[in-house]
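Undergrad: Sharing a structure, written as structure tokens. Questions coming.
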Amino acid sequence: MKAEPEICLTNLIQIGSTGRNSGKTTLALELINYLRQERPVYSLKIITISGRQKGSCQRGGTGCGICTAFTGGYEWSEEHYAKGSKDTSKMLAAGSTKTFLLKALEENLAAGFRDVYQQVPEDAWLVCESNSLRKFFRPQLFIMMDNQKKAKPSAAAVMNKADLLIQRAEEFDCRQLSLINV
């Protein structure tokens, strides 16, 4: 797959991770809560599905059904329920104006993101959880949660593009955003 030229999105803050259960959502919630004081914040969780895993769980086992229900290309939905336990519900509850979930085959990720990005006003922040998106777009800030001994392939592919590497969400103080021109 050939990557497109990087497009800089100055309203995008992206959070990636070397592995599961790393604190991405905890950090996203903190960012949403902090940034919404300044201007609207939208949020996006991306699940990139590789072709060989289409129709099966990315993590092995039965999983949650997100990937098994996926039909190909990309599809996105807006979260409307802020009281649930899903990450997207938590983002909405934290103060996100709108929260989206994008499922995409890697080769359709850029197109799927563009489709969702059209829903985000120019004056709003977009806080996004994804590793693979960094292959196509350059965010204002790309934070990589580096708390695993061995990085999963999607993280290893973009780790050198991270603006900031942290091990725990608690290491990042949102007030630091002003120091890095965010």
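Undergrad: May I ask you to work out the translational diffusion coefficient for segment 70-175 at 4 °C, viscosity 1.567 mPa s, via Stokes-Einstein with Rh from the Kirkwood sum over Cα pairs, reported in whole µm²/s?
TA: Diffusion coefficient, whole number: 85 µm²/s.
Undergrad: Find the accessible area per residue for segment 66-158; the probe is 1.4 Å, ligands and nucleic acids are left out, and the unit is Å².
TA: 45
Undergrad: Then there is this: If you filter segment 104-150 for GluC sites (Glu not before Pro), then keep DSSP loop positions with at most 11 other Cβ within 10 Å, what is left?
TA: Passing sites in segment 104-150 are E122.
Undergrad: Another one. Grab the Cα-Cα distance for E38 and D163, subtract it from 0.36 nm times how many residues apart they are, and report the gain in nm with one decimal.
TA: Gain on stretching E38 to D163: 42.8 nm.
Undergrad: Let me ask you something else. Summarise the accessible area of segment 78-120 (1.4 Å probe, protein heavy atoms) by the percent that is carbon and sulfur.
TA: 45
Undergrad: Below 19 Å, Cα to Cα, which lysines can K90 reach? Residues fewer than 8 away in the same chain don't count.
TA: K90 reaches K24, K45, K98, K103.
Undergrad: What's the FRET efficiency of K150 with R114 using the Cβ-Cβ distance as r and R₀ = 22 Å, to the nearest 0.05?
TA: Result of the calculation: an efficiency of 0.10.
Undergrad: Mean projection of the alpha-carbon convex hull of segment 125-182 over all orientations, in nm²?
TA: Averaging across all directions leaves 4.2 nm² for the Cα convex hull.
The values are calculated or read from the model by the stated rules, or taken from the named source; none is laboratory data. It should be emphasised that the depicted structure is a prediction, and the values quoted were computed from it without experimental measurement. Reconstructed Cβ throughout: ideal geometry from the backbone, glycine too, with neighbour counts over all protein chains shown. Note: areas computed on protein heavy atoms with side chains; ligands, DNA, RNA excluded. Shrake-Rupley method; radii C 1.70, N 1.55, O 1.52, S 1.80 Å.
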